[in-house]
Amino acid sequence: MGDLSFIFAAIAAFVAVAGVGIAFTGNGNKRQAQRMQVVVGAPLQAGKRQTSALDQTAQKKRQVQETLKDLEERQKAARKRAVTLRAKLEQAGVSWTPQHFWIGSAVIGVAAAIAAFIGGMNILIVLSAGFVAGLGLPRWVVGFLVSRRQKQFTGNFADAIDIVVRGVKSGLPLNECLKIIARESPEPVRTEFAKLNEGIAVGVDLDEGMRRMTQRMPVAELNFFAIVLVIQAKAGGNLAEALGNLSAVLRARKLMGEKIQALSSEAKASAMIIGALPPLVLCIVMVVAPSYMSLMFTHPLGQLMLLGGLFWMAIGIFVMRGMINFKH
């Protein structure tokens, strides 16, 4: 009886120890399996995250490329289209309509023809004076106003970009920064951004608003600004950093332009002196010996010679102007 009890006790102890061992071994295998899953799964998850990041980067690149391609096609189409008179007047910043322009051109042409007729000029010179004054002078004035307005815009545009950069860094939305520019910037930056804000307020999206703005102010600096805003709106990114870099580039361009102006001032002064010499000599001769030059104004052949001289002088002045007008 004692031996049986001892045997049963030994068997029970063996079963208990074996059960405990199996339990611990099973937990160890489970933990080992879990560790294996963690070890094997971590690279897989990291690979998935890396693949997702690469996909997002590739998607952003595709969006940027599509946006740039769209903008390039629009610019090509805009360059192919001839600039209308209404667009030119809008670029000049004047409130004239095309009807006002043509009426003013006709009045100027008739006035110049009447003045030449009263001065006793040949009928050919009278007609030429009316034609040149009626068509050439108003267009030259509009072109001068456009050029002056664009120079004023580019001179103050970098400061406007800095307003956007500081506003975005401080947490202001882009639309609020554009409103600040419309309130605080000098002309013509104020007017152009005010028109942009008015369009956005009535439902025009930023892309279309910037396209209209670049039509009113066709300068490279504004085109760069529009590209940055459109790409940031479609593909995302750090707007403050991109515009900060653009501001630095525009200031460097402005500094280079001023340096070019300083270096080319001597050539411009020489061109002005050369262009002014023939009329100046003519006036001096008329004062010193008026009878010597009177035939140039009274005789038909002399009038034709004066007309030809003015024509070739104008060609020479335009050629010299093109030679000293350095692009940057």
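Before moving on, here are some points about what is shown:
- ILE231 falls short of the stated requirement of being more than 30 Å from LEU178 (Cα to Cα) and in a helix (DSSP H, G or I).
- Only residues that are farther than 20 Å from LEU124 by Cβ and either in a loop (DSSP other than H, G, I, E, B) or among the hydrophobic types (A, V, I, L, M, F, W, C) (or both) were counted across the range 284-309, and they come to 6.
- Taking the criterion of being under 24 Å from LEU124 (Cβ atoms) and surrounded by 13 or more Cβ atoms within 10 Å (Cβ to Cβ), the residues of the range 310-327 that qualify are LEU310, MET313, ALA314, GLY316, ILE317.
- When GLN261 is tested against the conditions (1) under 30 Å from PHE318 (Cβ atoms); (2) assigned to a helix (DSSP H, G or I); (3) touching a helix residue (DSSP H, G or I) at 6+ places or on another chain (Cβ under 8 Å), the lone failure is (3).
- For the range 250-263, the criterion of being out of contact with any Leu (no Cβ under 8 Å at 6 or more places or on another chain), at negative phi and crowded, with 19+ Cβ neighbours inside 10 Å is met by at least one residue.
- Candidate set from the range 235-246 (those that are within 10 Å of VAL164 (Cα to Cα) and of a type in the set (Gly, Ala, Ser)); member that is surrounded by the most Cβ atoms within 10 Å (Cβ to Cβ): GLY244
- Some residue of the range 79-93 being part of a helix (DSSP H, G or I) and modelled with pLDDT under 85: yes
- Test: VAL219 is in contact with a Phe, Trp or Tyr (Cβ under 9 Å, 6 or more places away or on another chain), over 20 Å from ALA240 (Cβ atoms) and surrounded by fewer than 17 Cβ atoms within 10 Å (Cβ to Cβ): yes
- Exclusive hit being of a type outside the set (A, V, I, L, M, F, W, C), surrounded by fewer than 16 Cβ atoms within 10 Å (Cβ to Cβ), without any contact (Cβ under 8 Å) to a residue 60 or more places away in the chain and not in a helix (DSSP H, G or I), set GLY120, GLY104, GLY171, GLY143: GLY171
The values are calculated or read from the model by the stated rules, or taken from the named source; none is laboratory data. Keep in mind it's a predicted model, so treat the numbers as computed, not measured. All Cβ positions, even for glycine, are placed from backbone atoms using ideal geometry, and neighbour counts span all protein chains on display.
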